[in-house]
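Heads up, the thing below is written out as structure tokens.
The values are calculated or read from the model by the stated rules, or taken from the named source; none is laboratory data. These numbers come from a predicted model, not from an experiment. With ideal geometry, Cβ positions are generated from the backbone for all residues, glycine too; neighbour counts draw on all protein chains shown.
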Amino acid sequence: MASLVKVNSINLYLFGMKTIARIISYLFHPLLFPTYGTLLILLINPNMFGHFGQREHGTWLIIIFALTFIFPVIWILMMKGLDMIDSLKLENSKDRIVPFIATATFYLWATWMFKPDVHMKIPSNLLVFYMMMGACISIFIAFFINIFTKVSLHTLGAGSLLGLLLTMIRYSTYDLRFILIASLFVAGAIGASRLILKSHTEREVYMGYFIGFSGQFLAFSIIPRIIGLGI
């Protein structure tokens, strides 16, 4: 009887851990990173955007959310409906090829829309532009690596957010240490969730962190020197 109770307790514990892991995976879906990143940019230094009103801020978020989440999700759902992929979870490298290309296309579109010299009705912004540039770099690196092995896209998003946050420290008027600590905790929880769900190996999780962080580092530290658009 005691053994049965122990087994049931263990099973309940594992079920609870997996449930939490799934919730974390949904809340921090990799396609949500640009939206979270844009929101972070707007919140950490509101004085930088004082000449823009709430309407412009809302426009930025809507555009980013539509191009980097809604459109890619619709594309993936269409592919599933046409039996072009086996699962919406994109569990194997083959299933990821076309979604990678589609997502990269939408991300490049969003990047172009925030380029300062593009004459459009929406206000452009260099921080959002370089953030999206970093996201594009990460996607292209992950696409190349996907030829040989999988990469955790969840931790890629987490690494991107950390890279963005570290960059934003120099532009913020606030003390971001607590936000940075919280972000590190969230990033760790995301990686642990992917391991608990057995969606990735430790190697794939660590590669995701590295690629995401590297994309933002290159976008904010190297690309401005190349194209001559300093912040």
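Listed by first and then second residue, the pairs with beta-carbon distance under 6 Å, at least 6 apart or on different chains, first residue in region 42-70 and over 21 Å from L32 (Cβ atoms), second modelled with pLDDT under 85 and of a type in the set (F, W, Y), are N45/Y171.
Can you confirm whether F210 is outside any loop (DSSP other than H, G, I, E, B) and modelled with pLDDT of 95 or more? Judged against the criteria, F210 is a match.
Residues that are more than 24 Å from Y107 (Cβ to Cβ) and acidic (D, E) do occur in region 195-202. From the list P123, P72, P99, the one residue that fits, being part of a helix (DSSP H, G or I), out of contact with any Pro (no Cβ under 6 Å at 6 or more places or on another chain), modelled with pLDDT under 85 and surrounded by 15 or more Cβ atoms within 10 Å (Cβ to Cβ), is P99.
With the condition kept exactly as written, say whether any residue in region 190-207 is in contact (Cβ under 8 Å) with a residue 60 or more places away in the chain, assigned to a helix (DSSP H, G or I) and charged (D, E, K, R). Yes: region 190-207 contains one or more residues that are in contact (Cβ under 8 Å) with a residue 60 or more places away in the chain, assigned to a helix (DSSP H, G or I) and charged (D, E, K, R). Taking the conditions exactly as written (at pLDDT 85 or above, under 30 Å from L82 (Cα atoms), surrounded by 14 or more Cβ atoms within 10 Å (Cβ to Cβ) and not acidic (D, E)), does A192 satisfy them or not? So A192 does not fit the description; no. Can you tell me which residue is nearest to the chain's Cα centre (by Cα) among those in region 154-187 that are part of a helix (DSSP H, G or I) and among the aromatic types (F, W, Y)? Filtering region 154-187 for residues that are part of a helix (DSSP H, G or I) and among the aromatic types (F, W, Y), the one nearest to the chain's Cα centre (by Cα) comes out as F185. Within region 215-228, residues that are under 17 Å from I141 (Cβ atoms) sit with their Cβ atoms under 9 Å from residues that are among the hydrophobic types (A, V, I, L, M, F, W, C) and not in a helix (DSSP H, G or I), at 6+ positions apart or across chains, in these pairs: F220/I231; I223/L229. Within region 163-178, the set of residues being crowded, with 20+ Cβ neighbours inside 10 Å and either of a type in the set (G, A, S) or under 12 Å from F210 (Cα atoms) (or both) comprises just one member, G163.
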